[in-house]
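The values are calculated or read from the model by the stated rules, or taken from the named source; none is laboratory data. Not measured: the values here are computed from a predicted model. Quick reminder, even Gly has a Cβ in these numbers, built from the backbone with ideal geometry, and neighbours come from all protein chains shown. Areas reflect the complete protein model, heavy atoms only, side chains present, ligands, DNA and RNA absent. Shrake-Rupley method; radii C 1.70, N 1.55, O 1.52, S 1.80 Å.
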Amino acid sequence: ISSGTSGGVYARLFSAATLQPNGSLFSLETGNPTDDVGIVYQQDTGLFLAAWLRGGFIDTRIVGTDGSLGVLDLTKSYGPGAGTNAIAYNAGTQTTLLVTKGANSALTVLELGDSGYPLHLDNVLVVTNWDGVTTDYQPSVAADNADGEWLVTGLLASGGIGALVQGVGWRSVFWVNIP
């Protein structure tokens, strides 16, 4: 249930072949206002990774293909100040890229490992500083598995912005202004 109401984050599994529900709705986390949920399938582990915004932090949880839940450790949340977010898994790097609004409202990216937790908290890349106007970057991210790259996009008051991010250590970043 989004936008500050009490509730939590819920999920439901579906059959890939028929798109019919498998089982009932289940809770990933209850009792807290939550928003902006993203889910990826990690090919190297065979598990899902869910990430969502809760009170200025990004929480994550591992989910099995049968709906079994990994540990929910709210002490390992990323933040504070995290906001609008998106995630994408890259089979080439076997990591997930988290795109989020940081404490200073800059649009940032960092890599998450198989556990769903950041690999290197000191390796956060600022995609763009806050323009003083934008309230929601409406970020998106897509993975290029062959090259180990991600394309990150966001929306500013002056138009769109994009960055091509490659690998651990952010070997190269290319900027594209999208009119």
* Asked: Within segment 165-179, is there a residue that is open to solvent by 20 Å² or more (accessible area, probe 1.4 Å) and modelled with pLDDT of 85 or more?
  -> no
* Pick from segment 119-153 the residues that are buried (at least 18 other Cβ atoms within 10 Å of the Cβ) and in contact with a Gly (Cβ under 7 Å, 6 or more places away or on another chain): which of them is nearest to G92 (Cα to Cα)? -> G148
* **Selection from segment 12-22 of residues that are surrounded by 11 or more Cβ atoms within 10 Å (Cβ to Cβ) and more than 14 Å from I39 (Cβ to Cβ)** => P21, N22
* Asked: Does V9 satisfy the criteria of being of a type in the set (V, I, T), surrounded by 11 or more Cβ atoms within 10 Å (Cβ to Cβ) and farther than 17 Å from P118 by Cα?
  -> yes
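One line per residue, one yes/no per condition, for (1) assigned to a loop (DSSP other than H, G, I, E, B); (2) touching a His at 6+ places or on another chain (Cβ under 9 Å); (3) touching a residue at least 60 places away in the same chain (Cβ under 8 Å):
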site	(1), (2), (3)
A103	yes, no, no
V127	no, no, no
W130	yes, no, no
W150	no, no, yes
I161	no, no, no
* Being over 18 Å from T108 (Cβ atoms), free of Cβ contacts under 8 Å to residues at least 24 places away in the same chain and β-branched (V, I, T), is that true of even one residue in segment 58-79? -> yes
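Conditions (1) open to solvent by 10 Å² or more (accessible area, probe 1.4 Å); (2) in contact with a Ser or Thr (Cβ under 7 Å, 6 or more places away or on another chain); (3) among the hydroxyl-bearing types (S, T, Y); (4) closer than 20 Å to R54 by Cβ, marked per residue:
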site	(1), (2), (3), (4)
Y78	yes, no, yes, yes
G81	yes, no, no, yes
A91	yes, no, no, no
Q94	yes, no, no, no
K101	yes, yes, no, yes
S105	yes, no, yes, yes
L112	no, yes, no, yes
G116	no, yes, no, yes
* Say whether the condition of being within 22 Å of Q138 (Cα to Cα), at pLDDT below 85 and surrounded by 15 or more Cβ atoms within 10 Å (Cβ to Cβ) is met by at least one residue in segment 57-76. => no
* **Residue identified as within 28 Å of G148 (Cβ to Cβ), touching a residue at least 12 places away in the same chain (Cβ under 8 Å) and of a type in the set (A, V, I, L, M, F, W, C) among A91, A11** => A91
